[in-house]
1. I'm trying to understand the selection: among the residues of segment 137-153, which are on the phi < 0 side of the Ramachandran plot and surrounded by 14 or more Cβ atoms within 10 Å (Cβ to Cβ)?
2. When the residues of segment 115-124 are narrowed to those that are out of contact with any helix residue (DSSP H, G or I) (no Cβ under 6 Å at 6 or more places or on another chain) and assigned to a helix (DSSP H, G or I), which ends up nearest to residue 75 (Cα to Cα)?
3. Would you confirm whether any residue within segment 20-36 is at pLDDT below 95 and either over 24 Å from residue 5 (Cβ atoms) or in contact with a helix residue (DSSP H, G or I) (Cβ under 6 Å, 6 or more places away or on another chain) (or both)?
4. If you check residue 129 against the conditions, is it closer than 20 Å to residue 38 by Cα, more than 13 Å from the chain's Cα centre (by Cα) and crowded, with 22+ Cβ neighbours inside 10 Å?
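The values are calculated or read from the model by the stated rules, or taken from the named source; none is laboratory data. Because the structure is a prediction, the values reported are computed rather than measured. So basically every Cβ, Gly included, is an ideal-geometry build from the backbone, and we count neighbours across all protein chains shown.
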């Protein structure tokens, strides 16, 4: 897959924050119409100074993984709260170039606009990938919300002050919710609906990011723990 060149990653912290403000002004929120054929899931993990980015492509209806790629490389950018995309995107974009089956939507293990500057990893990446993106997080980064009802598929909205920035989604009865947010080029209702369609029979995490996480852990265990 091709990568749109949006900006360099050789930036100072003030430049990173300025870039986030620029991108925030370009976010487009709109319903996603139709049913995707293929979707992608993205996850990143670390082992010491090495990082691994995994992208899986899944058939949306069958939830079967049809392609999986990854990139392992040294990570030089330190972790800075709120600026995670500048650490992870170089790895993700290199892995993205290896993908051959084109997904219509990309789901990230992380946040979209559920972010202090409204530009989490899912939002930031969309400008490079030029695809609708959705964030699926295991914990809420910011915001306040009411606990959703205990039934599968129940959700409540997450707010910061009066701005709706995500949803707390109960994917299985009586389990902890996941936290859905728009990345870009999609709206929250579509993000919730599509994420819920990717939930398996028993797992809390939608399969699209759960399978990416499983592969990330496997590769980290097999490759990064025994580099020689």
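1. Let us first name the residues in segment 137-153 that are on the phi < 0 side of the Ramachandran plot, namely 137-142, 144-152.
Selection gives 137, 138, 140, 141, 142, 145, 148, 152.
2. Within segment 115-124, the subset out of contact with any helix residue (DSSP H, G or I) (no Cβ under 6 Å at 6 or more places or on another chain) is 115-116, 120, 122-123.
Those still in the list that are assigned to a helix (DSSP H, G or I) too: 122-123.
Details: 122: 19, 123: 21 Å.
Among residues in segment 115-124 that are out of contact with any helix residue (DSSP H, G or I) (no Cβ under 6 Å at 6 or more places or on another chain) and assigned to a helix (DSSP H, G or I), the one nearest to residue 75 (Cα to Cα) is 122.
3. From segment 20-36, those at pLDDT below 95 are 34; that's our starting set.
Restricting the remaining residues to those that are either over 24 Å from residue 5 (Cβ atoms) or in contact with a helix residue (DSSP H, G or I) (Cβ under 6 Å, 6 or more places away or on another chain) (or both) gives 34.
Yes, the conditions are met somewhere in segment 20-36.
4. Details: closer than 20 Å to residue 38 by Cα: yes; more than 13 Å from the chain's Cα centre (by Cα): no; crowded, with 22+ Cβ neighbours inside 10 Å: yes.
The answer is no for residue 129.
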